[in-house]
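First the structure, in the form of structure tokens, and then the observations on it.
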Amino acid sequence: MKDLAALADEHLAAARDAPHGRSAQVVMHDGVLRQSVIALLSGTALDEHNAPPAASLMVLRGRVRLTTAGWSDELSAGELKMIPKERHGLVALEDAVVLLTAVND
């Protein structure tokens, strides 16, 4: 069993020491299913990238903005959102930790 609160603390601390202000770890992997904890310091981003066939994002700490070419949505701690099936990016509006759940072919 994984302690998400402890992982969030660990990766926020690692992000503070990282040159790019990010830290991530795959915490579950079973066939096509993968879950990752990603910590981003305020103002850092995951640049636009292709979407997996199915994915969701849950904010464990802080606030983030999920963006696509013509749309964006702000999410706060405790919120869960399906990731659009188009290119998208993620920006930390404050120090944040998210749980990314993705299904890949």
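The values are calculated or read from the model by the stated rules, or taken from the named source; none is laboratory data. Everything numeric in this text was worked out from a predicted model, so none of it was measured. Positions of Cβ are backbone-derived with ideal geometry, glycine not excepted, and every protein chain shown enters the neighbour counts. Remember, those area values only see protein heavy atoms, side chains included, never the ligands or the DNA or RNA. Shrake-Rupley method; radii C 1.70, N 1.55, O 1.52, S 1.80 Å.
Any chance you could count how many residues in the range 16-28 are surrounded by fewer than 13 Cβ atoms within 10 Å (Cβ to Cβ) and either without any contact (Cβ under 8 Å) to a residue 24 or more places away in the chain or part of a loop (DSSP other than H, G, I, E, B) (or both)? Number of matching residues: 4.
State yes or no: is R87 surrounded by 12 or more Cβ atoms within 10 Å (Cβ to Cβ) and at pLDDT 95 or above? Criteria not met by R87.
Being within 21 Å of K2 (Cβ to Cβ), modelled with pLDDT under 95 and surrounded by 14 or more Cβ atoms within 10 Å (Cβ to Cβ) is the requirement here; does P52 meet it?
Details: within 21 Å of K2 (Cβ to Cβ): yes; modelled with pLDDT under 95: yes; surrounded by 14 or more Cβ atoms within 10 Å (Cβ to Cβ): yes.
So P52 fits the description; yes.
Only one of the numbered conditions (1) part of a loop (DSSP other than H, G, I, E, B); (2) under 23 Å from D9 (Cα atoms) is violated by T101, and that is (1).
Scoring G31 on the criteria (1) at pLDDT below 95; (2) open to solvent by less than 60 Å² (accessible area, probe 1.4 Å); (3) not polar (S, T, N, Q) leaves a single failure, condition (2). For the range 60-82, give me each residue that is assigned to a loop (DSSP other than H, G, I, E, B) and either surrounded by 15 or more Cβ atoms within 10 Å (Cβ to Cβ) or not small (G, A, S) (or both). Scanning the range 60-82 gives G62, A77, E79.
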